[in-house]
Structures are given as C-alpha cells and as structure tokens.
Amino acid sequence: MELFDKPLWLKGNLHTHTTVSDGRCTPEEVIALYKGKGYDFLAITDHRRSVAREDPDMTLLTGVEYDYELPSEVIHIVGVGLERASSPEEDRAALSSPQAGLEVIAALKGRAILAHPAWSLNGPDTIASLVGIAAAEVYNTVSNPPWNGERGDSSGILDVAAARGFPVPLVASDDAHHYDGDACQSWIWLNAADASRESILEALDAGRFYASRGPRFTRIAWDGGTLRVECTPVERIVFYSDLPWVDGRVQTGAGLTTAAYRARLEEHFLRCQITDRAGNSAWMSPLDLR
C-alpha cells in the first residue's frame, strides 16, 4: 500500500492566531506572510471565535481554537475546515466542555486537532477520552523557547497513547502569536487531488499527510509486514513502536534517503521519524497494526 497516491503536494499550517484574539498581526498580514513563504493553505484559528475569509491565491480554512482550564492540565482543541464561521451561541456551547467543543466542530463539518498536548500536560487518558479527534500536534513551534519551556515536541506522549490503543494522526503547527520567529516553522505536507477545501479535508480524513519542520518523505509504503520510506537526505531515520527496544530500529549516517523496517508480531503501532543535519524532523503518523 502506497500511503501517498494523489498528484498534488500542498504545504499548510493548521494553527495560527491574529488580532481577532491574541495574535500580534492582523488576519491580512498573517495571510500575506504565509502566502509569501509558499504555503498553499492556512487555517486561522483564533481563540473562541472564528472568522471566514477568502483569498484568490491561497486556500483559507475557517478555523477556531477552544480552550479549557482543568485542575491539572489544560485542553486546547483546534477546529479547521469549518463550513462557516461559528456563531456566538455555538462558541458558548463549545466552551462548556472539551467534548462539547468537539461536537460543535463536527456539527460545522470541521476537523478537530488536539493542540500541543505536551505543553498542555495532557496524558494518554485525556487523549483517549476525547471522542472525535482527527489529529494531534506532534510538534508546536510556540511551545518552545523563547516563548515557552521545552514542550514543543509531543511525540513521547502520543506514543504512549498509541501503545495503549489510541494512535492519533500527527500534524506540526506554528501556533504563531508573536510573529518574531514563531511563524512558518512547522507545517504539514498533504497529498491531495487539488487545493480545494473539500480535497484538503478528504486528504486529512484519509491520512495522506505528514508533519515536518524541514525534511520531506518522498515515499511511504506498507506491505503488511515491512514499512519502507524514502526521503530527502537526512542523518537519522528511526522507526518507533510500542516495543521499548528493538534491534535495528535506528539508522544513522550522512545523506540517508531510504530505509526499511520489518514489523515484529508484538508491535501494535509503527511510525517513522527522519531528522536532518540541522536537527529538524519530519514525522509520519502511526500505522495501527492491531
């Protein structure tokens, strides 16, 4: 099975903020910034309020971010691809509980993404409890210094959730607020039939995307027993699963462009992460082997 079989690759960011909530740039400035950096689609996801916008040269996904303060953690849920802007009544309903927010996003025909679980102190039980999550942020730019502590990478938490039976597709996002280095750093590459909202959402549903901060997968293939990847030159290729130790899961060297991994019978999920010379990674979503 080839994971990517459509003709078009699109670069997009699914989480960013503007002056509509707590961002420092206007929606027009943010759209121009990402468009100037070669992005094909963008979701503006301001807190507790969505605004629908259009641009002739870029696909804009209507989005929103709902946030919840709990005793030992916070939960932030990003909704992207809404069929229209949410109403004040819908926003109030969504803020009553995380599950209510997921239901409002679903009613608006959007897709829900769990934002920065490591920054939010979310554990696998929290992830498992959220019915309707379409993806989670494996990497979040602004959840790192100089804006936050070192909690941008959520791969460990998401691996624990996958090991417990809840593998979640992985995206990388900027969550830009400051626009002093936190924008255009983390994104997804999405394999779609075209650049329309409908095709982007179909590709998200089908899992034809991967998260990146630089390196690119050029091919991912799974034949039911072996996972094969091809990529731009990197210095490390690692295959992760729910087995803490497996011989041969790490390959290192200059200019690596291909690797293969034979799954063990004891493994219940499998994913690959590639890292280039600069230390930037790309992450494929976990394959559910159950």
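The values are calculated or read from the model by the stated rules, or taken from the named source; none is laboratory data. In this text, all values refer to a predicted model and were calculated from it rather than measured experimentally. Cβ sites come from the backbone with ideal geometry, for glycine too, and all protein chains shown count toward neighbours.
Are there any pairs with C-beta distances below 9 angstrom linking a residue in segment 177-193 that is over 10 Å from Leu8 (Cα atoms) to a residue that is basic (Lys, Arg) and surrounded by 19 or more Cβ atoms within 10 Å (Cβ to Cβ), with the two at least 6 apart or on different chains, and if so which?
Gln185/Arg213; Ser186/Arg213; Trp187/Arg213
Does Glu137 fit the bill of being within 26 Å of Glu103 (Cα to Cα) and of a type in the set (Asp, Glu)?
Details: within 26 Å of Glu103 (Cα to Cα): yes; of a type in the set (Asp, Glu): yes.
Taking the combined requirement at face value, the residue satisfies it.
In segment 133-166, how many residues are farther than 25 Å from Val104 by Cβ, assigned to a loop (DSSP other than H, G, I, E, B) and either in contact with a Lys or Arg (Cβ under 6 Å, 6 or more places away or on another chain) or among the aromatic types (Phe, Trp, Tyr) (or both)?
1
So, of the residues in segment 1-16 that are touching an Asp or Glu at 6+ places or on another chain (Cβ under 7 Å) and within 19 Å of Glu83 (Cα to Cα), which turns out to be surrounded by the fewest Cβ atoms within 10 Å (Cβ to Cβ)?
Among those residues, the one meeting the criterion is Gly12.
Select from segment 262-282 the residues that are of a type outside the set (A, V, I, L, M, F, W, C) and either in contact (Cβ under 8 Å) with a residue 60 or more places away in the chain or in the same structural domain as Val168 (by TED's automatic domain parsing) (or both) and list them in ascending order.
Step one: of segment 262-282, the residues of a type outside the set (A, V, I, L, M, F, W, C) are 262, 264, 266-268, 271, 273, 275-277, 279-281.
If the condition is that a residue be of a type outside the set (A, V, I, L, M, F, W, C) and either in contact (Cβ under 8 Å) with a residue 60 or more places away in the chain or in the same structural domain as Val168 (by TED's automatic domain parsing) (or both), then His268, Arg271, Gln273, Thr275, Asp276, Asn280, Ser281 are the ones that fit.
Out of Ala221, Ala195, Ala203, which single residue is surrounded by fewer than 23 Cβ atoms within 10 Å (Cβ to Cβ), in contact with a Leu (Cβ under 9 Å, 6 or more places away or on another chain) and assigned to a helix (DSSP H, G or I)? Spell out how you get there, then give the answer.
Details: Ala221 fails: assigned to a helix (DSSP H, G or I); Ala195 fails: assigned to a helix (DSSP H, G or I).
Selected residue: Ala203, the only one of Ala221, Ala195, Ala203 that is surrounded by fewer than 23 Cβ atoms within 10 Å (Cβ to Cβ), in contact with a Leu (Cβ under 9 Å, 6 or more places away or on another chain) and assigned to a helix (DSSP H, G or I).
So for segment 243-261 (the condition being crowded, with 21+ Cβ neighbours inside 10 Å and either touching a residue at least 40 places away in the same chain (Cβ under 8 Å) or aromatic (Phe, Trp, Tyr) (or both)), does at least one residue qualify?
So far as segment 243-261 goes, yes, one or more of its residues are crowded, with 21+ Cβ neighbours inside 10 Å and either touching a residue at least 40 places away in the same chain (Cβ under 8 Å) or aromatic (Phe, Trp, Tyr) (or both).
Here is a list of conditions, (1) in a strand (DSSP E or B); (2) surrounded by 18 or more Cβ atoms within 10 Å (Cβ to Cβ); (3) of a type in the set (Ser, Thr, Tyr), and Ser285 meets all of them except one; can you say which number that is?
Going through the list (1) in a strand (DSSP E or B); (2) surrounded by 18 or more Cβ atoms within 10 Å (Cβ to Cβ); (3) of a type in the set (Ser, Thr, Tyr), Ser285 breaks only (1).
One line per residue, one yes/no per condition, for (1) surrounded by fewer than 23 Cβ atoms within 10 Å (Cβ to Cβ); (2) farther than 15 Å from Pro286 by Cα:
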position: Val131; (1), (2): yes, yes
position: Val138; (1), (2): no, no
position: Glu150; (1), (2): yes, yes
position: Ile157; (1), (2): yes, no
position: Arg164; (1), (2): yes, no
position: Ala172; (1), (2): no, no
position: His177; (1), (2): yes, yes
position: Gly181; (1), (2): yes, yes
position: Cys184; (1), (2): yes, yes
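Return a yes/no flag: does segment 237-247 have any residue that is of a type in the set (Asp, Glu), out of contact with any Gly (no Cβ under 6 Å at 6 or more places or on another chain), assigned to a loop (DSSP other than H, G, I, E, B) and modelled with pLDDT of 95 or more.
At the first step, the residues of segment 237-247 found to be of a type in the set (Asp, Glu) are 242, 247.
When the remaining residues are screened for being out of contact with any Gly (no Cβ under 6 Å at 6 or more places or on another chain), the result is 242, 247.
Going one step further and asking which of them are assigned to a loop (DSSP other than H, G, I, E, B), we end up with 242, 247.
Next cut, modelled with pLDDT of 95 or more only: 242.
The answer is yes, given that some residue of segment 237-247 is of a type in the set (Asp, Glu), out of contact with any Gly (no Cβ under 6 Å at 6 or more places or on another chain), assigned to a loop (DSSP other than H, G, I, E, B) and modelled with pLDDT of 95 or more.
Going by the structure shown, is Arg290 closer than 27 Å to Thr141 by Cα, surrounded by fewer than 21 Cβ atoms within 10 Å (Cβ to Cβ), among the basic types (Lys, Arg) and touching a residue at least 24 places away in the same chain (Cβ under 8 Å)? Let's see the steps before the verdict.
Working: closer than 27 Å to Thr141 by Cα: no; surrounded by fewer than 21 Cβ atoms within 10 Å (Cβ to Cβ): yes; among the basic types (Lys, Arg): yes; touching a residue at least 24 places away in the same chain (Cβ under 8 Å): yes.
Against the criterion (closer than 27 Å to Thr141 by Cα, surrounded by fewer than 21 Cβ atoms within 10 Å (Cβ to Cβ), among the basic types (Lys, Arg) and touching a residue at least 24 places away in the same chain (Cβ under 8 Å)), Arg290 does not qualify.
Filter segment 1-42 down to the residues that are touching a strand residue (DSSP E or B) at 6+ places or on another chain (Cβ under 7 Å) and charged (D, E, K, R), then identify the one that is farthest from Arg197 (Cα to Cα).
Across segment 1-42, the extreme among qualifying residues is Asp22.
Being out of contact with any Gly (no Cβ under 8 Å at 6 or more places or on another chain) and at pLDDT 95 or above: is that true of Val104 here? Even if it seems obvious, please write down each step before you answer.
Numbers: out of contact with any Gly (no Cβ under 8 Å at 6 or more places or on another chain): no; at pLDDT 95 or above: yes.
Spelling it out, it is not the case that Val104 is out of contact with any Gly (no Cβ under 8 Å at 6 or more places or on another chain) and at pLDDT 95 or above.
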